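Read-outs throughout are calculated quantities, based only on the coordinates presented, and are distinct from any laboratory measurement. Because the structure is a prediction, the values reported are computed rather than measured. Ideal geometry is used to build each Cβ from the backbone, glycine not excepted, and the neighbour counts take in all protein chains shown.
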Amino acid sequence: MLCLPVLACHAGTMRISYMATQPDMRWAYAVEQGTAWCVVKVTLPGYEVVTVGAEAEVAVAGPSGWTRPSEPRLPVLPVVFEVAEDLVVTIDVEEGEPVLQPVGRLRPAGRMESIPVDGLTEQVVTVAKPSPEIYGNPAWWPTSLVDQREAKGQGRRFVRLGVTPFRYHPVDGTLAFYSNLTVSLSFTPRVNAP
């Protein structure tokens, strides 16, 4: 669910509006905005690694989204903008130096599944099966700390950023926290091809 625009910039025909999500994620980032640019700075006040059985989870002090089922369960901070159709969005990510912490095996994000109980009824349970492509790969995940998606509806265009200020190395069992993560967006008019 999206709220009405909170910050808006208008310059001629250009229009960029930051839109607060529900729940509001500005507890974990700050937004600065000009007429043709926006900067999102992660201000996440901290996190805690919690042991759950033989696995670990990352806990944050406020609401967040989470990675998709079977991926390591890491917080995702959604940032949404309404952007005029004639604008090109360019994103630049400055990661900064991460803080590294050994955590062991991070619990994968779960998904709901129905399982048969007695042949007549089913029970819905949460299943956490790790993705072999991620957990078996000796590389940092995710490769990009910012996931960009677009959606259109009722004549409006929305750009959604999923900002994940963490990476996980499944083979080493190491968590990287990017406390100085900065995402810069620039909005330029689209040049029509001849």
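Quick look at the values:
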read-out	value
Val76 long-range amide H proximity, modeled H, under 5 Å	Gly65, Trp66, Thr67
R0 of 25 Å, Cβ-Cβ distance Val171-Glu48: FRET efficiency to nearest 0.05	0.60
FRET efficiency for Ala151 and Glu57, using Cβ-Cβ distance with R0 set to 22 Å, rounded to 0.05	0.15
Convex hull projection area averaged over all views, region 2-189, Cα basis, nm²	13.3
Under Karplus coefficients 6.51, -1.76 and 1.60, residue-wise ³J(HN,Hα) of region 152-166 in Hz, glycine/proline x	10, x, 6, x, 10, 10, 10, 10, 10, 9, x, 9, 10, x, 9
Nonlocal amide H pairs with Gly96, under 5 Å, H built at 1.01 Å	none
Protection-proxy order for peptides 46-54, 15-23, 73-81, 175-183, each taking the mean of Cβ atoms within 10 Å per residue, highest first	73-81, 175-183, 15-23, 46-54
